[in-house]
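The values are calculated or read from the model by the stated rules, or taken from the named source; none is laboratory data. What you see is a predicted model; the values in this text were computed from it and never measured. Cβ: placed from backbone, ideal geometry, glycine included. Neighbour counts: every protein chain shown.
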């Protein structure tokens, strides 16, 4: 599901938690098409992250990577994807208590149920959008699909 900052701002408790973090104001005031970039370290025992450096940038380039102050670099912009674990980790890093983490998990479970309902409604379109299934596949067709080369020249090369 696509999540916008306005969706996050509907949860007052979460906004307060995000604002209490150094990176919170930058994240909550993000303006499209800018990216929220952040360098972070993993906190494995908590399945969370620690944001070390952050900012808002218009374009991700090599300078963004030169500013790396931690083990990893992440960046994202609106709309956020509710299935992106890094997005969830950003919000989880703002939560301090187990109760807050549980409330955050409930929000994401709600997003997931919306995704399921939407997928059920659009099942025909989802199936149509899948890759074509070929029941017969020749060797030249397989090479053509893998290497995306001209089919005629491939067949003539194989014949020679």
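Quick notes on this structure:
- Of the helices (runs of 4 or more DSSP H) lying entirely inside the range 53-121, those containing at least 2 residues that are in contact with a helix residue (DSSP H, G or I) (Cβ under 8 Å, 6 or more places away or on another chain) and over 23 Å from residue 31 (Cβ atoms) span 98-121.
- Tallying residues that are surrounded by 13 or more Cβ atoms within 10 Å (Cβ to Cβ) and over 18 Å from the mean Cα position of the chain (by Cα) within the range 70-93 yields 1.
- Given (1) surrounded by 11 or more Cβ atoms within 10 Å (Cβ to Cβ); (2) at pLDDT below 90; (3) within 21 Å of the chain's Cα centre (by Cα), number of the condition residue 145 does not satisfy: (3)
- Qualifying position, being closer than 16 Å to residue 5 by Cα, over 17 Å from the mean Cα position of the chain (by Cα) and without any contact (Cβ under 8 Å) to a residue 40 or more places away in the chain, among 31, 57: 31
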